[in-house]
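K.L.:
First, the structure itself, so that you have it in front of you.
The values are calculated or read from the model by the stated rules, or taken from the named source; none is laboratory data. In this text, all values refer to a predicted model and were calculated from it rather than measured experimentally. Methodologically, a virtual Cβ is constructed for each residue, glycine included, from the backbone with ideal geometry; neighbour enumeration extends over all protein chains shown. With ligands, DNA and RNA removed, areas are computed over all heavy atoms of the protein, side chains included. Shrake-Rupley method; radii C 1.70, N 1.55, O 1.52, S 1.80 Å.
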Amino acid sequence: MKKWYPGLAKTALILVYLVILAGAVVRMTGSGMGCPDWPKCFGYYIPPTEETELLWTPGKTYMEGQVIIREEALLVARNDFTSTSDFSMANWEPYTRHDYAIFNATHTWIEYINRLLGALAGLAMLLLAISSLAWWKEKRSRTLFAWLGVLAIGFQAWLGATVVYSVLEPAKITLHMFMALVIVGMLLWIIHSSDTKTRHFRYDRITSRLWWAIVPLSMLQILLGTQVRQYIDHQSELVGMQARELWLQNPDIVFYVHRSFSILLLILHVWAAYRVYSMRSGFEKINASLMVLLGLIFSGIAMNYFAFPWGSQATHLFLASLLFGFQWYALMELKRASKTGISS
């Protein structure tokens, strides 16, 4: 079981990043309420493809928990039954979590794929935790972190349900995103702790200190970005999804702080890169981090000056989570190198 441990951790990490990407697409397309219930979708394990499947039909067999849309409201089947020629409210009860009752097949399947990837990530985390039991006697931290990851992804699933029940409350969406980064950080720790390859590079105290400043500042930048996103969500509701050029017409102070922070982070990254290149230290993680940061800046410029072109929001959010992953892993390598002089 030990040999499966690092591979399962990497598989879980890839799936979590796919969930983050799918979540970004959900946000970009406005598909967050594509499935108005949880964990099923309109009461189905595999959601409908046409609205007619959600309309009451005489002579149709309904299963307990199945959902229909009737008079602009969601109704849930009380028990298994076959409908007669006349509609009877005795077989149904109102869905009370919220009053959102709109079906859009595209939105439904985008949200369903997001949930399906989340379920696969949860399964990978569970398999990882089971395989970690083989490490209990030698390195208990690996076992504890793996099972803590299971709890974290379970909590993340519960958060996903509260996001739906709140009809996409911005604060809960932000917490949902933050927990995704926590899970990424835990998986990267597991991968780093089980890495047996030796990678030599020259340790530099100044580069290490710069990185210890970059990582928390980047996390703050991500949190500021979630606040900007909340503002944009509010503006899109006011002026409409099509009036993208008006979403940042009169931004608040948080937007300007977020934009200025990107310049600060770029300066710190360039400084760290200069140290790495001038010393020929071989610390290659700086290259990936710098390239992702540049991608983040360009996607931010596209959103601000070109009225949110298609895909820019999803790209920006995904790159932010990717940047966190590169930075966090690099920080763990630097911490190890500070003790040994090498990264392994």
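K.L.:
Grab the beta carbon distance between Y305 and S141, set R0 = 51 Å, and tell me the FRET efficiency rounded to 0.05. Working shown, then result.
P.N.:
Working: r = 47 Å, r/R0 = 0.92.
Computed FRET efficiency for Y305 and S141 comes out at 0.60.
K.L.:
Treat every Asp and Glu Cβ in the chain as -1 and every Lys and Arg Cβ as +1, leave all other atoms uncharged, and give the resulting dipole magnitude about the Cα centre to the nearest 20 debye. Working shown, then result.
P.N.:
On the way: 29 positive and 22 negative charges, 538 e Å.
Here the size comes out at about 2580 debye.
K.L.:
How large is the helix-only mean residue ellipticity at 222 nm for the chain, computed as the sum of -39500 (n - 2.57) over DSSP H runs with n ≥ 4, divided by its residue count, in deg cm²/dmol to the nearest 500?
P.N.:
Values: 8 runs with 216 residues, N = 344.
My calculation for the chain gives -22500 deg cm²/dmol from helical runs alone.
K.L.:
At what distance in angstrom do the alpha carbon centres of the range 25-71 and the range 233-273 lie from each other?
P.N.:
If you average the Cα positions of each part, the centres end up 36 Å apart.
K.L.:
Select from the range 1-52 those chymotrypsin sites (Phe, Trp or Tyr not before Pro) which occupy a DSSP coil region and have at most 13 other Cβ atoms within 10 Å, ordered by residue number.
P.N.:
Values: sites: W4, Y17, F42, Y44, Y45; in loops: F42, Y45.
Here the sparse-neighbourhood loop sites are Y45.
K.L.:
Something else about it: Leaving out ligands and nucleic acids, note down the accessible area per residue over the chain with a 1.4 angstrom probe, in whole Å².
P.N.:
On the way: 17790 Å² over 344 residues.
Per-residue accessible area for the chain comes out at 52 Å².
K.L.:
Among K285/K335; K3/K285; K10/K172; K3/K139; K139/K285, which pairs are too far apart, with a Cα-Cα distance over 20 Å?
P.N.:
Correct reply: K3/K285; K10/K172; K139/K285.
K.L.:
Using +1 on the beta carbon of Lys and Arg, -1 on that of Asp and Glu, and nothing else charged, what's the dipole of the range 97-201 about the Cα centre, debye to 20?
P.N.:
Details: 9 positive and 5 negative charges, 102 e Å.
The dipole of the range 97-201 has a size of about 480 debye.
K.L.:
Per-residue HN-Hα couplings for the range 218-234, Karplus 6.51 cos²θ - 1.76 cosθ + 1.60 at θ = phi - 60°, whole Hz, x for Gly and Pro?
P.N.:
Karplus values, whole Hz, x for Gly and Pro: 5, 5, 4, 4, 5, 5, 4, x, 5, 5, 5, 4, 4, 5, 5, 4, 5.
K.L.:
Moving on to the next point. With log10 I(q)/I(0) by the Debye sum over Cα atoms at q = 0.08, 0.10 Å⁻¹ as the read-out, I listed [x] -0.55, -0.80; [y] -0.37, -0.59; [z] -0.48, -0.71; which label goes with the value calculated from this structure?
P.N.:
Here the calculated entry is [z].
K.L.:
If I compute solvent accessible area with a 1.4 Å probe over the protein chains, what percent of it on the range 35-79 is carbon and sulfur?
P.N.:
On the way: 1290 of 2470 Å².
Ligands and nucleic acids excluded, carbon and sulfur reach 52 percent.
K.L.:
Also, quick follow-up: From the C-alpha coordinates alone, can you work out the Kirkwood hydrodynamic radius of the range 201-344, in Å? Working shown, then result.
P.N.:
Numbers: mean 1/r = 0.0615 Å⁻¹.
Result for the range 201-344, one decimal place: 16.3 Å.
K.L.:
Next question, about the same structure. If you take the alpha carbon radius of gyration of the range 211-273 and divide it by 2.2 N^0.38 Å, what ratio comes out, to two decimals? Don't jump to the answer; show the numbers that get you there.
P.N.:
Values: Rg = 14.3 Å, N = 63, 2.2 N^0.38 = 10.6 Å.
Taking N as the residue count of the range 211-273, the ratio is 1.34.
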